[in-house]
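Below: the structure, in structure tokens.
The values are calculated or read from the model by the stated rules, or taken from the named source; none is laboratory data. Quantities reported herein were computed from a predicted structural model and do not represent experimental measurements. Glycine also receives a Cβ, built like all others from the backbone with ideal geometry; neighbour counts cover every protein chain displayed. Protein only, heavy atoms only, side chains kept; ligands, DNA and RNA dropped before computing areas. Shrake-Rupley method; radii C 1.70, N 1.55, O 1.52, S 1.80 Å.
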Amino acid sequence: MAYGLGLERTENRLAASHPQWGQAFAEEAARIRAAVGADIVALEHYGSTSVPGLSAKPIIDLLIGVADLSVADRHAPVMIALGYDDAGDGGVEGHRIFGKGAARTHLAHFVVHDGPEWIATLQFRDRLRADPALRDAYGRLKAQLVAEHPTDRAAYTAGKAAFVQAALAR
């Protein structure tokens, strides 16, 4: 897969940071912007692939800021035409998620622009980018969680929650 992207849904695996993940984001963001149009208030690269030097599940996360989540509902056919499937909220309150590929290469998260999910997600990303010690500690935690939960994505994600909350409380 391009840029080393792609992860089966039943697999947890980390890949070393890839210098072209930013380019993969930019390419997909342009496709989505062209298809969805002016309903997108802002579109950001987030998640571990957006943090240079951080190992990550090789899936590009796109944070799509919209006025309200009905925009995602309205554009579901457009996202499906772009090769995404509708994952509902994916268990993430305040998100409407679309996943690309059987082996996921991209996850597009529609959230309310400047809402709590938008703000917290980008604050965490920015803290990881600004603090190499925090980034490295997070990388170690993620490696430990992958070893403990090689096929349980929910447990892997839950295992990161306390770290994320502590980083945001700083």
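Things to note:
- A count restricted to segment 111-136 and to residues that are open to solvent by less than 30 Å² (accessible area, probe 1.4 Å) and more than 15 Å from the chain's Cα centre (by Cα) stands at 2.
- Within segment 1-59, the set of residues being in a loop (DSSP other than H, G, I, E, B), closer than 21 Å to Arg96 by Cα and of a type in the set (Val, Ile, Thr) comprises Thr10, Ile40, Val41, Ile59.
- The C-beta contact set for segment 103-125 (first residue within 28 Å of Gly4 (Cβ to Cβ), second residue open to solvent by less than 30 Å² (accessible area, probe 1.4 Å) and hydroxyl-bearing (Ser, Thr, Tyr), distance under 7 angstrom, 6+ apart or interchain) comprises Ala108/Tyr84; Thr121/Tyr46; Leu122/Tyr46; Arg125/Tyr46; Arg125/Ser50.
- Test: Ala72 is in contact with an Asp or Glu (Cβ under 8 Å, 6 or more places away or on another chain) and over 24 Å from Tyr138 (Cβ atoms): no
One line per residue, one yes/no per condition, for (1) within 27 Å of Thr10 (Cβ to Cβ); (2) part of a helix (DSSP H, G or I):
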{"position": "Phe98", "(1), (2)": "yes, no"}
{"position": "Gln144", "(1), (2)": "yes, yes"}
{"position": "Thr157", "(1), (2)": "yes, yes"}
{"position": "Ala167", "(1), (2)": "no, yes"}
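- Counting residues in segment 145-153 that are of a type outside the set (D, E, K, R), in contact with a helix residue (DSSP H, G or I) (Cβ under 9 Å, 6 or more places away or on another chain) and open to solvent by less than 40 Å² (accessible area, probe 1.4 Å) gives one or more.
- Hey, Leu141 crowded, with 19+ Cβ neighbours inside 10 Å, modelled with pLDDT of 95 or more and touching a Lys or Arg at 6+ places or on another chain (Cβ under 7 Å) or not: no
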